[in-house]
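Below is one structure; the comments refer to it alone.
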Amino acid sequence: RLAESNIASNNTVSYHLNTILYGPPGTGKTYHTIVMAAEIVTGRKMESYAEALAIFNKSLRDQIEFITFHQNYSYEDFIQGLRPETENSKELIFEKRDGIFKLIADRALKNLIDATNPDKAKKDFDEVFKSFIEPLIQGDKNEVEVKMKKTSFYITGVTDKSIEFRKTSGNSNHTLSISTLKKMYDAESTLNIQGLTPYYDSLLEILISRGKRITPSADIVRQKNYVIIIDEINRANISRVFGELITLIEPDKRSHGAIPLSCILPSGDAFIVPSNLFIIGTMNTADKSIALLDIALRRRFEFEPVYPRYEIPGAVVFEADVLKKLNEHLEKLKGVDFQIGHSYFMANGNSEFNFVERMNRRVIPLLLEYFMNDKEEVVRLLENCSIKLDKKAWPIQIQGKLS
């Protein structure tokens, strides 16, 4: 089986399948997720952040997905739900749509199955189907013939959801469901569909023959790692969003774990979490919603602290002495989770660092939030850090450091 410790045995890096980076604001949690994701999908350490970012952007929407949770985020957004569809119909209809987690999980599972069972490997349905109907889409043909045992039928048009076809004789207003055909293609079975089975069966046979690799040895599927990053994971209602995933994401319950478990989604689809899908979350410890974090989620993730740093190789933390004094006092007054992150004291892009401007526009508003707009408390804190204040200004403004 694929154990968590050797999920990609050739990799030179090792990460837990479920990880949450936690710490105060501005400590670089999101920054670190990009590096982690790049290392997971490549299987090697990154030499620079620029290299990691390039790999991250190249892999986005394929091996990597990035989302941010919020209070209105739901199970339907994350896994699967019904969405209204009006564009291609005069009537309001609801169609099943997969959420971002299920989409990347399905991609990861297909890769894992194809890599571990090369004899069953085949191309993606969308790629094969698009190639088959390309002459019709490009206008090279008015219809595409699908041969059956004794006759043929002809595809005359394709929409987002259905295949329009005519029989050799008789009424030409017939349709096949693309989503149903995709399920058949994945299962390599007509799934006991009644009525139109001969038409599905003939088309399915053609697509599978096109999708199967003629020379598997020349096109071996390499096992890959996939990553979904969930920024601000504690801001959503975890029980509602994750649903059955609370159990399925455990390493031993995944597709190649010791006791793999699958579930049936409300739509009737079977679902299992693949063993090559890594979940990385970030959590702002100064956010009050952290107290609402589901206990079940806490048990299923490895938690890695990300706290302020005052020296970073290859980078500059300006006024590190001030930042350190601020955090020493904040730790005494509010606790370690309410410190100021080092990113507040670093230059952004090509712009130069301006201490007064950064304090007035970013740090002081955060301090006022920490102390619920208690001006006297914030002023006292700043004065203890040898910072010169503009006594007449409101909101609080500083003029610089005391000499």
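The values are calculated or read from the model by the stated rules, or taken from the named source; none is laboratory data. Nothing here was measured: the structure is a model prediction, and the numbers come from that model. No Cβ is skipped: glycine too gets one built from the backbone with ideal geometry, and neighbour counts run over all protein chains shown. Note: accessible area is taken over every heavy atom of the protein model, side chains too, but ligands, DNA and RNA are not part of it. Shrake-Rupley method; radii C 1.70, N 1.55, O 1.52, S 1.80 Å.
Go through (1) open to solvent by 50 Å² or more (accessible area, probe 1.4 Å); (2) in contact with a strand residue (DSSP E or B) (Cβ under 8 Å, 6 or more places away or on another chain); (3) on the phi < 0 side of the Ramachandran plot for V306 and report which single condition fails.
(1)
Could you grab me the full set of residues in the stretch 340-365 that are part of a loop (DSSP other than H, G, I, E, B) and open to solvent by less than 20 Å² (accessible area, probe 1.4 Å)? Steps first, answer last, please.
Step one: filter the stretch 340-365 for residues part of a loop (DSSP other than H, G, I, E, B), giving 340-341, 346-354.
Passing the criteria: I340, G341.
Suppose we filter S255, S267, S239 for residues that are open to solvent by 10 Å² or more (accessible area, probe 1.4 Å), closer than 14 Å to S74 by Cα and either in contact with a His (Cβ under 8 Å, 6 or more places away or on another chain) or among the polar types (S, T, N, Q) (or both); which single one remains? Reasoning before the result, please.
On the way: S255 fails: closer than 14 Å to S74 by Cα; S267 fails: closer than 14 Å to S74 by Cα.
Criteria check complete, one pass: S239.
Of the conditions (1) open to solvent by 10 Å² or more (accessible area, probe 1.4 Å); (2) under 22 Å from the mean Cα position of the chain (by Cα), F278 clears all except one; give me its number.
(1)
So, A115, is that one closer than 30 Å to I246 by Cα and surrounded by fewer than 13 Cβ atoms within 10 Å (Cβ to Cβ) or not?
Numbers: closer than 30 Å to I246 by Cα: yes; surrounded by fewer than 13 Cβ atoms within 10 Å (Cβ to Cβ): no.
No.
Give the residue that is nearest to I100 (Cα to Cα), with candidates limited to residues of the stretch 42-72 that are part of a helix (DSSP H, G or I) and open to solvent by less than 20 Å² (accessible area, probe 1.4 Å).
The initial filter retains those residues of the stretch 42-72 that are part of a helix (DSSP H, G or I), namely 42, 49-59.
From what's left, open to solvent by less than 20 Å² (accessible area, probe 1.4 Å): 52, 56, 59.
Working: A52: 22, F56: 17, S59: 15 Å.
In this case the residue turns out to be S59.
Counting only residues that are of a type in the set (V, I, T) and crowded, with 21+ Cβ neighbours inside 10 Å, which one in the stretch 21-33 is nearest to the chain's Cα centre (by Cα)?
Kept after step one, since they are of a type in the set (V, I, T), are these residues of the stretch 21-33: 27, 30, 33.
Checking which are crowded, with 21+ Cβ neighbours inside 10 Å leaves us with 27, 33.
Values: T27: 21, T33: 11 Å.
Here the answer is T33.
Residue-by-condition table, conditions (1) modelled with pLDDT of 95 or more; (2) aliphatic (A, V, I, L, M); (3) on the phi < 0 side of the Ramachandran plot; (4) not in a helix (DSSP H, G or I):
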site	(1), (2), (3), (4)
A291	no, yes, yes, no
L297	no, yes, yes, no
P313	no, no, yes, yes
L326	yes, yes, yes, no
L330	yes, yes, yes, no
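Output yes when any residue across the stretch 147-165 is at pLDDT 90 or above, more than 27 Å from I228 (Cα to Cα) and touching a His at 6+ places or on another chain (Cβ under 7 Å), and no when none is.
Yes, some residue in the stretch 147-165 is at pLDDT 90 or above, more than 27 Å from I228 (Cα to Cα) and touching a His at 6+ places or on another chain (Cβ under 7 Å).
Yes/no matrix, rows are residues, columns are (1) in contact with a strand residue (DSSP E or B) (Cβ under 9 Å, 6 or more places away or on another chain); (2) exposed (fewer than 15 other Cβ atoms within 10 Å of the Cβ); (3) free of Cβ contacts under 8 Å to residues at least 60 places away in the same chain; (4) over 26 Å from F271 (Cβ atoms):
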| position | (1), (2), (3), (4) |
| --- | --- |
| N111 | yes, no, no, no |
| D119 | no, yes, no, no |
| F125 | no, no, no, no |
| I137 | yes, yes, yes, yes |
| E143 | yes, no, yes, yes |
| T151 | yes, yes, yes, yes |
| V158 | yes, no, yes, yes |
| E164 | yes, no, yes, yes |
| I178 | yes, no, yes, no |
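For the stretch 366-403, what are the residues that are farther than 20 Å from Q339 by Cβ and assigned to a helix (DSSP H, G or I)?
Within the stretch 366-403, the subset farther than 20 Å from Q339 by Cβ is 375-376, 388-395, 397, 399-400, 402-403.
Across the stretch 366-403, the qualifying residues are K375, E376.
Answer yes or no: is there a residue in the stretch 208-218 that is under 26 Å from the mean Cα position of the chain (by Cα), modelled with pLDDT under 95 and open to solvent by less than 20 Å² (accessible area, probe 1.4 Å). Write out each step before concluding.
Looking only at the stretch 208-218, we keep the residues that are under 26 Å from the mean Cα position of the chain (by Cα), and these are none.
Looking for residues that are under 26 Å from the mean Cα position of the chain (by Cα), modelled with pLDDT under 95 and open to solvent by less than 20 Å² (accessible area, probe 1.4 Å), one finds none in the stretch 208-218, hence no.
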